[in-house]
Amino acid sequence: SCLVFIPGQLDTTCHAFVGETVVLPCTTSPPGELILSKSMLYWQIGMKIVHFFQNGQDSLNAQDKHFQGRTSLFLDQMKHGNLSLKISNVQLPDNAEYTCIYKQTEDHQTKKSKIILNVSGR
């Protein structure tokens, strides 16, 4: 479950229990459809790569080992601006501040948002 606190502040806080699946929300409002072949999407914790998408597909060579096999994007909804990340089987070390970074190769505009994930033991 995720809550946006304090109107005007874009930080979102999500809560999950160990073992659950959580969706970290990130959206952009494209004027038309996003051109995924010209899009880059990074989900990071600091410099650690949690999930990376480029040229229309996941690119997970540099993904942090801790997240391997547990992350996915909503590929069918991405072109409409849904850049949210699904993390399955949430673990205590997933407790962190995540950054969602989206850029299109053509224009050099970068959109960033921060999502805090609080993980609790059962």
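Restricting the calculation to alpha carbons of the stretch 32-105 gives Rg and Dmax of 12.1, 38 angstrom.
Accessible area per residue for the stretch 1-99, computed on protein heavy atoms with a 1.4 Å probe, is 55 Å². Remark: the S37-S120 segment gains 26.1 nm on full extension, using 0.36 nm per residue and subtracting the alpha carbon distance. A full extension of the chain between T21 and L3 corresponds to an added length of 4.9 nm, given 0.36 nm per residue minus the alpha carbon distance.
Split the accessible area of the chain by element, probe 1.4 Å, and carbon with sulfur accounts for 53%.
About its Cα centre, the chain has a charge dipole of approximately 140 debye under the convention of +1 per Lys or Arg Cβ and -1 per Asp or Glu Cβ, with nothing else charged. Backbone phi angles across the stretch 101-113, fed through the Karplus curve with coefficients 6.51, -1.76 and 1.60 (θ = phi - 60°), yield HN-Hα couplings of 10, 10, 9, 9, 4, 5, 8, 9, 7, 10, 10, 10, 9 Hz in residue order; Gly and Pro are listed as x.
Amide H to amide H, with H built 1.01 Å from N, T27 comes under 5 Å of L83, counting only residues 5 or more places away or on other chains.
Counting 0.36 nm for each residue step from A62 to K79 and taking away their Cα separation leaves a gain of 3.8 nm. Our summary gives the stretch 17-122 a relative contact order of 36 percent, counting only alpha carbon pairs under 8 angstrom and 6 or more residues apart.
The values are calculated or read from the model by the stated rules, or taken from the named source; none is laboratory data. The structure presented is a predicted model; accordingly, all values stated were derived computationally and were not measured. We place every Cβ from the backbone using ideal geometry, glycine too, and count neighbours over all the protein chains shown. Just so you know, the surface numbers come from the protein's heavy atoms only, side chains and all, with ligands and any DNA or RNA stripped out. Shrake-Rupley method; radii C 1.70, N 1.55, O 1.52, S 1.80 Å.
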